[in-house]
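*Asks:* Sharing a structure here in structure tokens format.
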Amino acid sequence: MTVDPPLPTAMVVMRGITKAYQRGNQPVEVLHDIDLDIPKGDFVALMGPSGSGKTTLLNLIGGLDKPTSGTVTVAGRRLDQLTSGELAHWRSTSVGFVFQFYNLLPMLSAQKNVELPLLLTPLSGAERRRHASIALELVGLAGRARHRPQELSGGEEQRVAIARALVSDPQLLVCDEPTGDLDRHTADEILSLLQMLNAEFGKSIVMVTHDPRAAEYARHQIHLDKGILVPAPTHGA
Amino acid sequence: MGYLGLVFAGLFHKPSRTALTLLSIVTAFTLFGFLDGIRLVFSRAADNSGTDRLIVTSRLSIIQPLPIAHRNRIAQIPGVAQIAYANWFGGIYQDRRNFFPNIAVTPVEFLAIHPEIVLSDEAREAFLTTRTGALVGSALAQKFRWKIGNRIPLQATIWPQKSGNNTWLFDIVGIMRTRDERNQQYAGEMLFRYDYFDEGRTNSQGTVGWYIVRIEDPALSNEIALAIDRLFANSDSETKTQSEKDFNLAFAKQFGDIGLIVSAIMGAVFFTLLLVTGHTMTQAIRERIPQLAVLKTLGFSDVTLLGVVLGEAFAMMLLGGCLGLGLASIGLPLLSDSFGGQLPPLSVSARSWSLGIPLMLGLGAIVGLPPAWRAMRLRIVDALAGR
Ligand SMILES: Nc1ncnc2c1ncn2[C@@H]1O[C@H](COP(=O)(O)OP(=O)(O)OP(=O)(O)O)[C@@H](O)[C@H]1O
Ligand SMILES: [Mg+2]
């Protein structure tokens, strides 16, 4: 297979990606021969029906899993060639994750949850605290630093999660249904926040969503159906 | 917050459960501290034995007397340097609960054979010249506020006086101390003179409870012991000769094999502890699978997660274990006080700690490794999806 040299402006370049899971003895292919380019600074909404492989694709972009075949280049690194240890290190410096259910550590305060990724950096304790405070301020939660997750609303928890994703200043954010568990108004706030991070701080964002309204906050939309990228359905949602 | 913060955050994820687990660890190690302290006292009695001393008792039983005539015949055996003899008196001071060993001994020989007993020159002199003189251990003197010059009465339990009087009077002429801090054998005992005892008692005159034989070469102790026993074989008063160490061990074994009992109890306790904490730990980690997956997502390596979970197990065991041994260090001296001198002073020694801490680490490893291994092998995508 020939691989096009990634453009210097490319954030994500995928070529010939397939992903198969073992189900019993049977390998089941979930993604079929996917080619995908996402330029730096883009905000992409990844849409598609349940089970179409969105999370699977996002996990490959975020370096949480490796493809069965094909190449994944993110921010210039060939993720498919990294060992799991190298991938872990790459994730800690290059990508931030936001999940549907926030996934904060319940026994740690907001501040400490945000500090967590910085444990992997050479920063001193004082610097870690300062960076975390800045990130919390950025998401509008400076006043909640000492609260534990159970003392926060869903929207606030998601803001903490976004601060945690931002704190080590990665160029790429991957979000799996970040508003899937929030009411419409709170969802709009979170989406505006992501939009701001994209527009003002140049963060590249790939966001999985079911919700066409949420997708409208993105610059581009891509659609996945049964493991294949398809042109945007014209018949609306 | 550093990695230690992460370890403790994990440990106190469910504070009440962790508190209960800690309590069981504290309890187990408190018990360990108590039992090991008691075990060490018994094994120390053997450690403190002189290697150049043999104890000769009747072959029939330790309380069966031997004729005093044995003395001169033992003295003729080559390699025997000096002979003392002694008799258990069993007197009571005021109240049965005040029990302490009081023993009639031949003053010159006994002190010569037991150089570990430290006495002032005046006390030694007074003991040799005062027929009713008695030497008391420092702990005993402290307990009853006895001073040199005091005259104290003991009620006979085995040996009434010829006069029909059951009360024997003794004059305290010296306080016994020991050179070695750990050897407290004489601190709680009283020694007095054999001649006073033998002349005063109504029966069994001219007999001896046991002989203490000092030999010139400790390497020959087996041969000399055999030679002594052979000398009296087939006589009316056959003997049983042992090294002092074996004698002390045998004496301690009257109460059962303490070491074995302690090991058996602690084995059962720690086994139960393993089951309980192992189960809780496994359950705690299972509940925290999504959290561990998040840590991995953020870039924490497999080995770091192994370390964090193992760290929790170690922290829990060390915390509970040190608390438990700490409690035992407070409780054990109180226990030995309540025995009032019947037991040598008990305490949690450095030896218990140096056995306890590796035990804590070992238990931590056994309890922590399976869940730590699981955390290490966790696949992020499966864990995040709740698979
Ligand atoms: N680890 C796995 N083992 C086996 N099958 C898997 C695994 N992960 C995903 N799958 C299967 O792959 C397919 C795609 O899953 P994926 O989670 O990517 O879908 P999705 O588009 O994110 O769906 P949803 O919108 O419901 O989140 C599904 O059929 C799923 O059951
Ligand atoms: Mg999904």
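*Asks:* Just in the stretch B:107-163: which trypsin sites (Lys or Arg not before Pro) are loop by DSSP and have at most 13 other Cβ atoms within 10 Å?
*Replies:* Here the sparse-neighbourhood loop sites are B:R131, B:R145, B:K147, B:K162.
*Asks:* Round to a whole angstrom and tell me the spacing of the C-alpha centers of the stretch B:50-126 and the stretch A:135-182.
*Replies:* 82
*Asks:* Can I get the semi-axes of the protein assembly as shown's equivalent ellipsoid? Compute them from the C-alpha gyration tensor as square roots of 5 times the eigenvalues, in angstrom, largest first.
*Replies:* With the √(5λ) rule applied to the protein assembly as shown, the semi-axes are 85, 24, 18 Å.
*Asks:* What is the magnitude of the charge dipole of the stretch A:1-92 about its Cα centre, with +1 placed on the Cβ of each Lys and Arg, -1 on the Cβ of each Asp and Glu, and no other charges, expressed in debye to the nearest 20?
*Replies:* 220
*Asks:* A follow-up question, please. Which net charge results when you count Lys and Arg as +1 and Asp and Glu as -1 among the other residues whose beta-carbon is under 10 Å from that of A:L123?
*Replies:* +1
*Asks:* Anything in chain B that counts as a DSSP H helix reaching 18 Å or more along its axis (C-alpha) with Kyte-Doolittle mean of at least -0.5? List them, would you?
*Replies:* In chain B, the long hydrophobic H runs are B:15-47, B:258-287, B:302-338, B:350-377.
*Asks:* Right, something else. What FRET efficiency comes out for the pair B:I330/B:W88, r = Cβ-Cβ distance, R0 = 35 Å, nearest 0.05?
*Replies:* Taking R0 as 35 Å, the efficiency between B:I330 and B:W88 is 0.50.
*Asks:* What total accessible area, in Å², is buried where chains A and B meet, using a 1.4 Å probe and rounding to the nearest 100?
*Replies:* Counting both chains, the buried surface is close to 2000 Å².
*Asks:* Report, as an integer, the average count of C-beta atoms from other chains found within 10 Å of each Cβ along B:299-306.
*Replies:* Whole-number average of other-chain Cβ neighbours for B:299-306 is 5.
*Asks:* Could you tell me the relative contact order of chain A? Use alpha-carbon pairs under 8 Å, at least six residues apart, and round to a whole percent.
*Replies:* 27
*Asks:* Mind checking the angle between helix A:154-166 and chain A's longest principal axis? C-alpha axes, 0 to 90 degrees, to the nearest 10.
*Replies:* 80
*Asks:* Roughly how much of B:E116 is accessible, in Å² to the nearest 10, using a 1.4 Å probe?
*Replies:* Answer for B:E116: close to 30 Å² accessible.
*Asks:* For the protein assembly as shown, with all protein chains present and a 1.4 Å probe, just round the carbon and sulfur fraction of the accessible area to a whole percent.
*Replies:* 56
*Asks:* What is the count of Lys pairs in the stretch A:10-230 whose alpha carbons sit under 21 Å apart, if the two are 8 or more places apart or on different chains?
*Replies:* Taking the Cα cut-off of 21 Å, the pair count is 9.
*Asks:* From the P(r) of the stretch B:60-237, could you give the percentage of C-alpha pairs in the tail past 22 Å?
*Replies:* Result for the distance tail: 48 percent.
*Asks:* Using only the alpha carbons, work out the radius of gyration and Dmax of the stretch B:282-387 in angstrom.
*Replies:* 20.2, 67
*Asks:* On to the next question. Keeping all protein chains in place, calculate the accessible area per residue for the stretch A:10-230 (probe 1.4 angstrom), answer in Å².
*Replies:* 41
*Asks:* Follow-up question, since we're still on this one. Pull up all non-local amide H partners of A:D225: gap of 5 or more, or a different chain, and H-to-H distance under 5 Å with H placed in the peptide plane.
*Replies:* HN-HN under 5 Å from A:D225: A:V230.
*Asks:* When DSSP beta bridges are limited to those with both residues in the protein assembly as shown, what percentage is antiparallel, rounded to the nearest 5?
*Replies:* Restricted to the protein assembly as shown, the bridges split so that about 65 percent are antiparallel.
*Asks:* Any chance you could check the stretch B:1-38 for residues losing 40 Å² or more of accessible area when the partner protein chains are in, compared with the chain on its own (1.4 Å probe)?
*Replies:* B:M1, B:Y3, B:A9
*Asks:* Okay, next question. Sequence gap at least 6, Cα distance under 8 Å: using those rules, report the relative contact order of the stretch B:60-237 to the nearest whole percent.
*Replies:* 34
*Asks:* Express in whole angstrom the spacing between the alpha-carbon centres of the stretch B:130-190 and the stretch B:256-313.
*Replies:* What the calculation gives is 54 Å, centre to centre.
*Asks:* Another question about this same structure. If I model a spin label at A:E137 and B:L361 as a point 7 Å from the Cα along the Cα→Cβ vector, what separation in nanometres do I get?
*Replies:* 4.5
*Asks:* In terms of solvent-accessible area of protein heavy atoms at a 1.4 angstrom probe, what is the ranking of A:C175, B:C322, highest value first?
*Replies:* B:C322, A:C175
*Asks:* Using the Cα atoms of the stretch B:32-108 to build a convex hull, what is its mean projected area in square nanometres?
*Replies:* For the stretch B:32-108, the mean projected area of the Cα convex hull comes to 8.0 nm².
*Asks:* With an 8 Å Cα cut-off and a minimum separation of 6 or more residues, compute the relative contact order for chain B in percent.
*Replies:* Taking the mean separation of contacting Cα pairs over the length of chain B, I get 28 percent.
*Asks:* Among B:P107, B:P65, B:P115, determine the one that fluctuates most according to a GNM of chain B built with springs between C-alpha atoms less than 10 Å apart.
*Replies:* Among B:P107, B:P65, B:P115, the largest mean-square fluctuation in the Gaussian network model of chain B belongs to B:P115.
*Asks:* Per residue of the stretch A:84-95, what does 6.51 cos²θ - 1.76 cosθ + 1.60 with θ = phi - 60° give for ³J(HN,Hα)? Whole Hz please, x for Gly and Pro, Karplus curve as stated.
*Replies:* 5, x, 5, 4, 4, 5, 4, 4, 5, 9, 10, 9
*Asks:* Explain nothing, just the number: dipole magnitude of the stretch A:10-230 about its Cα centre with +1 on each Lys and Arg Cβ and -1 on each Asp and Glu Cβ, in debye rounded to the nearest 20.
*Replies:* 540
*Asks:* From the Cα gyration tensor of the stretch A:47-172, with a ≥ b ≥ c the square roots of its eigenvalues, which class applies: rounded if a/c is under 1.5, or else prolate if a/b is larger than b/c, or else oblate?
*Replies:* Oblate, because a/c is 1.5 or more while a/b does not exceed b/c.
*Asks:* Continuing with this model, one more query. What does the C-alpha gyration tensor say about the overall shape of the stretch B:1-41? Classify as rounded when a/c is under 1.5, otherwise prolate if a/b is larger than b/c, or oblate.
*Replies:* It comes out oblate by the Cα gyration axes.
*Asks:* Separate question: Rounded, prolate or oblate: pick one for chain B, where a ≥ b ≥ c are the square roots of the eigenvalues of its C-alpha gyration tensor, a/c under 1.5 means rounded, and failing that, prolate if a/b is larger than b/c, else oblate.
*Replies:* Since a/c reaches 1.5 and a/b is larger than b/c, the shape of chain B is classed as prolate.
*Asks:* What Kirkwood Rh does the stretch A:10-230 have if only Cα atoms enter the pairwise 1/r average? Answer in Å.
*Replies:* 17.8
*Asks:* When Cβ neighbours within 10 Å are restricted to other protein chains, what is their mean count per residue of peptide A:114-122?
*Replies:* 4
*Asks:* Hull surface divided by four, with the convex hull built on the Cα atoms of the stretch A:17-109: how many nm²?
*Replies:* If I average the Cα hull's projected area over directions, I get 8.2 nm².
*Asks:* Mind checking which of A:L141, A:L197, A:L120 has the largest fluctuation in a GNM of chain A, springs on alpha carbons under 10 Å?
*Replies:* A:L120
*Asks:* Now a separate question. Taking θ = phi - 60°, what integer Hz values does the Karplus form 6.51 cos²θ - 1.76 cosθ + 1.60 yield along the stretch B:86-102, in sequence order, with x for Gly and Pro?
*Replies:* 8, 9, 5, 9, x, x, 10, 9, 6, 8, 4, 5, 7, 3, 8, x, 10
*Asks:* Given only helices, namely DSSP H runs of n ≥ 4 each adding -39500 (n - 2.57), what is the per-residue ellipticity at 222 nm of the protein assembly as shown, to the nearest 500 deg cm²/dmol?
*Replies:* When only DSSP H runs of four or more count, the value is -14500 deg cm²/dmol.
*Asks:* Then there's this: Assuming R0 = 35 Å, what is the FRET efficiency of B:D217 and B:S354, from their Cβ-Cβ distance, to the nearest 0.05?
*Replies:* Taking R0 as 35 Å, the efficiency between B:D217 and B:S354 is 0.50.
The values are calculated or read from the model by the stated rules, or taken from the named source; none is laboratory data. For clarity, every value in this text was computed on a predicted model and none was experimentally measured. Every residue, glycine as well, gets a Cβ built from its backbone with ideal geometry; the counts of neighbours run over all protein chains shown. Just so you know, the surface numbers come from the protein's heavy atoms only, side chains and all, with ligands and any DNA or RNA stripped out. Shrake-Rupley method; radii C 1.70, N 1.55, O 1.52, S 1.80 Å.
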